[in-house]
Structure formats: C-alpha cells, structure tokens
Amino acid sequence: STSTQGDIESIADNIKNGHISRIVVLTGAGISTSAGIPDFRSPTTGLYDKLAPLKLPYPEAIFHISYFSHSPEPFYAIARARHPGNLKPTISHAFLALLAKKGLLHYLFTQNIDGLEEDAGIPTDKVLWAHGNWKSQHCWKCKTEYPDDLMKRAIHNGEVPYCLKAECGGAIKPNVVFFGQSLPKEFDEKEKVVGQGDLMLVMGTSLKVAPCSTLPRLANKGVPRLLINMEKAGDFGNRKEDVCMLGPCDDGVRRLADLLGWRDELETLWKD
Ligand code: OAD
C-alpha cells in the first residue's frame with residue numbers, strides 16, 4: 001500500500017484549479033519494473049545484485065566505458081534481458097502520457113533506455129532520453145556505424161559484435177550512455193526547464209547517478225516536489241514543500257488519478 005507523508009491532496013487541488021500547469025518529471029528504472037525490466041539497485045531483484053557470476057571488479061563496471069573497451073563480454077551477456085522486446089508501458093508511463101494530453105507535462109527527463117515513453121504516447125519533443133537509446137550503435141573505438149540487423153542478432157545471441165573495419169576490431173556499443181561518457185548535448189540546455197516548472201515529479205529512481213540526480217535540486221524554492229518511489233531518495237524531505245508517496249509508483253499514480261478525478265481516463269488510456 002502507498003503511504004503518504006505531506007500533502008498530496010493539495011498538489012492534486014492545485015493541478016485541478018490550474019495553479020500547477022507546468023510539471024517537470026524525472027523518471028528512472030522503477031517505473032519500468034512492472035513492465036518486466038528489473039531495476040539496478042534494488043536489493044535481490046536489481047541487476048547489480050545478480051552480476052556475481054560475471055566477476056566484475058564492481059557492478060557498475062558492466063556499463064563503464066573504460067571497462068567495456070577491453071571487456072565487452074559481460075555487457076553482451078546481459079544485453080538481451082535489458083533490451084526491450086514487445087513490452088507494454090506501465091500505468092505510470094500512461095499517467096505521464098495523460099499529463100501531456102492535458103497540456104500539463106512541461107518536460108520529462110528519463111534515465112531509462114527502454115523506449116516505453118514513446119510507446120505510451122508521450123510526445124517525443126517533451127522527452128529527453130538522458131541516457132541514450134538502443135536505436136543505433138557504433139564502434140566504441142573508431143565510431144563507425146553498425147547495421148541494426150547485425151546488432152539485433154548479436155544481442156539475441158549474447159555475442160559481442162565487432163567493428164566491420166577489420167583493421168579496427170573495436171567492440172560495437174549501442175548509443176546508450178555509459179559511465180565515463182557524456183550525456184546528450186541537449187542535457188545542459190534542457191536543465192534550465194526545471195526552473196520553469198511549478199511541480200517537480202520524481203518517479204522510480206534512487207537518485208544515485210549524476211547528473212540526473214541533481215535535477216530535483218534545480219526546482220525553485222517553494223515549488224512542490226513529489227517523489228513517488230519505493231524508498232526515499234536524494235534530498236527529498238529536506239524542503240517543507242516536499243511530498244513523498246512511498247510505495248509502488250503504479251499505485252501512486254492511481255491514487256493521484258483518483259484525487260484528480262482522472263482514474264477512468266487513465267485506465268482507458270493505459271489499456272488502449
Ligand atoms: P535504480 O535501480 O538505482 O533505482 C530504482 C529506484 O526505483 C529505487 O529507488 C527503487 O526502490 C525504486 N523502485 C523500483 N521498483 C519500483 C516500483 N515498482 N515503484 C516505485 N519505485 C520503484 O535505477 P535508476 O535510479 O534509474 O545508468 O538508476 C540510474 C542509472 O543507474 C541508470 O540509468 C543506469 C544505472 O546504472 C547507467 O547505466 C549509465
């Protein structure tokens with residue numbers, strides 16, 4: 001069940017009466033766990049607790065560019081399980097699509113690379129995929145592009161694809177952001193939209209990875225910040241305007257939709 005501290009009712013009231021109309025959202029792996037993609041850091045169920053057989057120096061090495069450059073095998077051993085195959089967006093994704101439909105979604109920063117935002121119908125011009133995507137790939141070393149069909153086969157077979165330039169021999173890396181790499185160049189420019197928001201909504205992230213983890217702090221003082229997550233995260237709770245709904249985010253968005261009078265609309269949008 002979802003426990004609520006602070007005042008979710010007044011946030012809902014302010015959305016209904018128009019005082020809140022520019023919602024800035026930050027999402028992470030927790031909004032996709034109910035679609036079947038485990039998160040990273042949850043004890044037992046998260047990816048980082050399951051990597052012992054791969055004998056990594058530390059769990060995040062699997063996504064570190066310097067480790068990948070000499071040992072790409074562990075990444076391809078887990079790539080198939082992380083790669084979205086016909087997954088259905090969660091009702092949390094549908095809630096964000098509903099916010100957009102109602103003209104309330106100012107901007108969404110997602111750390112996820114599953115692409116479920118687009119599948120849920122969130123307009124792509126409102127979304128920054130801060131950690132990249134699986135739509136293209138290139139040689140980590142010489143940057144030569146690599147064909148989609150060969151990439152799909154490599155992921156499916158759990159084999160490392162290598163650069164087609166024989167003299168290069170670098171491993172192919174999807175255009176997802178690894179540790180040690182820069183975020184998309186739009187990130188710096190989009191950061192300022194956080195200060196334009198009149199509600200900061202954070203869902204399904206442990207707020208342990210910079211720079212996305214710093215975004216909630218860019219919300220203006222006095223602007224409510226709502227965390228819908230299994231656990232407390234980042235500096236939530238430090239501001240008097242913070243509200244934490246601790247529990248599954250699918251329960252949290254249903255509760256919020258109930259308060260807003262949008263529940264039927266949300267369920268219908270999700271089912272379609
Ligand atoms: P984490 O695994 O670090 O955090 C997921 C958060 O979601 C945790 O706080 C969970 O408690 C919470 N959670 C899990 N399931 C939930 C549910 N059903 N409802 C509500 N909360 C839930 O994932 P991220 O914060 O997204 O980057 O991780 C950030 C980045 O670290 C990832 O993008 C990835 C990773 O390493 C790279 O690899 C570069």
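The values are calculated or read from the model by the stated rules, or taken from the named source; none is laboratory data. Values in this document were obtained by computation on a predicted structure and should not be read as measured data. All Cβ positions, glycine included, derive from the backbone under ideal geometry; neighbour counts span all protein chains shown. Quick note on the areas: whole protein, heavy atoms, side chains included, nothing else; ligands and nucleic acids left out. Shrake-Rupley method; radii C 1.70, N 1.55, O 1.52, S 1.80 Å.
Using 0.36 nm per residue and subtracting the Cα-Cα separation, the extra length available between D264 and S69 on full extension is 65.3 nm. Would you give the gap between the C-alpha center of the stretch 183-199 and the C-alpha center of the stretch 92-143, rounded to a whole Å? Each part's Cα centre sits 14 Å from the other's.
Partner lysines whose Cα lies under 24 Å from the Cα of K232, excluding those fewer than 8 positions away in the same chain, are identified as K50, K208, K221, K240. Accessible area per residue was computed with a 1.4 Å probe on protein heavy atoms; S21 scores about 50 Å².
At the residue level, R217 shows approximately 130 square angstrom of accessible surface with a 1.4 angstrom probe and all protein chains present.
The value obtained for the stretch 127-190, namely the Cα convex hull volume divided by the number of residues, is 95 Å³ per residue. Note that the stretch 84-101 has calculated 3J(HN,Hα) couplings of x, x, 2, 8, 9, x, 7, 5, 5, 4, 4, 4, 5, 5, 5, 4, 5, 4 Hz, one per residue in order, obtained from phi through the Karplus relation 6.51 cos²θ - 1.76 cosθ + 1.60 (θ = phi - 60°); glycine and proline are x. Between 0 and 90 degrees, the angle of helix 249-260 with respect to the longest Cα principal axis of the chain falls at about 30 degrees.
For the stretch 118-125, putting each phi into the Karplus relation 6.51 cos²θ - 1.76 cosθ + 1.60 with θ = phi - 60° gives couplings of 5, 4, 6, x, 6, x, 5, 6 Hz, in residue order, rounded to whole numbers and with x for Gly and Pro. Extent of the chain along its three principal axes (Cα atoms, max minus min coordinate, largest first): 63, 38, 36 Å. Given in Å, the Rg to one decimal and the Dmax to the nearest whole number for the Cα atoms of the stretch 154-198 are 17.2, 54.
Computed across the stretch 188-272, the Kirkwood hydrodynamic radius from all distinct Cα-Cα pairs reaches 13.9 Å.
Between T144 and K240, the simple label model (points 7 Å from Cα in the Cβ direction) yields a spacing of 6.3 nm.
Normalised by 2.2 N^0.38 Å, where N counts its residues, the alpha-carbon radius of gyration of the stretch 1-120 equals 1.33.
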